[in-house]
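The values are calculated or read from the model by the stated rules, or taken from the named source; none is laboratory data. The shown structure was predicted, so the numbers you read here are calculated from the model rather than taken from an experiment. Heads up, the Cβs are rebuilt from the backbone with ideal geometry, glycines too, and the neighbour counts pull from every protein chain shown.
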Amino acid sequence: MDNDAHAAPRPVAFDPATRDLGVLVGFDGSKQSFLALHYGALAAQRSGRVLTVVSAFHVPARIYTTLIAVPEKSEAEVAVDAAKTVLAEAREYLKDYSGKVIYRTERGDAAGVLVDLSALAELAVVGARGRGGFLGRVLGSVSSALPAHAHCPTVVVPRQYKVNEPESQAEGAGRFIAGRDRRPVVVGIDASGQSRVAMLQAALSAQNRGVTLHLLMALPSLEAWLEWYPELDSPDESVTERRKTQLEKTLETELALVKRHFPALEVTASVKPGDPIAQLVKQTREAQLTVIGTRGRSGFTGALMGSVSRGVLLRAEGPVMVVPDLKDERLEDHPEPSR
């Protein structure tokens, strides 16, 4: 039924050429938003797209009991001025950046503003927590809401992200020269249609960086199932090995699909037994970018973010790209393989 609240959302139409905001960065002047700004600047430089820096502001409702109590400037003017002051910090940081930059102040909740603007962006970038987050939270409200609702891929930059600036390049335009990071881009896949979309986005990221793309498929251990089904026999290692071999054949199909569209890209693949979240979190420490889809085969139909993507974001130690269900014409003639 069309009005089923639990129906899967339809794929988002996605043509990068029409996304005029290019790389969209949410900036609030916090330390982590500076990390996101730097990451976004490098991403825009690699792709040759415009960098759009946005600061959102909220105008609180005020009631004045006397005329004397009315301030000279309205709350809206004060809020706009504050947002412009925040953007001035971004301008100063990017003063030697050679690419085109658009600076925007937008009224509204930061998460809502970025979700709306993501429909015009090729990539959105945010810090894991900004000034609006509670001190004890791992993820702020924006970095939690944006990946779940965005109309384009979103990169969440954690506090552990290090801006690699060689001493000779720490100032001036050299600050925005991408370092020689040869670590791979890793994408977690499960051969679902949505993970294939994430895979192609990861391939583009790897190509722009000139590094290897690694396809990672996790095979959950049988021990976890035995806790719920004690009547089953103890797991036999041969069962795991047979299943691993089957999935490796599935990976061959996925690898061939990537090579068809990115023939010059070096691609590797592996199946690793273990918890998918733990496997991907480990990759966030070892890869320069870890890519995941919002939902995979195990996700509930009505969930905008699956348990794996949420779990990885909460524990990530490196940048994570979350890819929504985008409409990709390259996949129309490729049915999902049986697993």
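Quick notes on this one:
- Selected residue (only one of 126, 142 is at pLDDT below 75 and crowded, with 24+ Cβ neighbours inside 10 Å): 142
- Some residue of the stretch 129-136 being of a type outside the set (Ser, Thr, Tyr) and modelled with pLDDT of 90 or more: no
- Residue match in the stretch 14-30 (condition: in a helix (DSSP H, G or I) and β-branched (Val, Ile, Thr)): yes
- Restricting attention to the stretch 150-205, the residues that are in a helix (DSSP H, G or I) and either at pLDDT 95 or above or touching a strand residue (DSSP E or B) at 6+ places or on another chain (Cβ under 7 Å) (or both) total 11.
- Under the condition of being part of a loop (DSSP other than H, G, I, E, B) and at pLDDT below 90, the residues counted in the stretch 50-103 number 17.
- Pairing each residue of the stretch 142-165 that is in contact (Cβ under 8 Å) with a residue 40 or more places away in the chain with any residue that is assigned to a helix (DSSP H, G or I) and hydroxyl-bearing (Ser, Thr, Tyr), provided the two are 6+ apart or on different chains, yields C-beta distances under 7 Å for 150/118; 151/118; 152/118; 155/39; 156/143; 157/39; 161/39.
- Within the stretch 104-123, being crowded, with 20+ Cβ neighbours inside 10 Å, over 25 Å from residue 202 (Cβ atoms) and touching a His at 6+ places or on another chain (Cβ under 9 Å) holds for one residue alone: 110.
- So residue 268, is it at pLDDT 85 or above, β-branched (Val, Ile, Thr), exposed (fewer than 15 other Cβ atoms within 10 Å of the Cβ) and assigned by TED's automatic domain parsing to the domain that holds residue 210: yes
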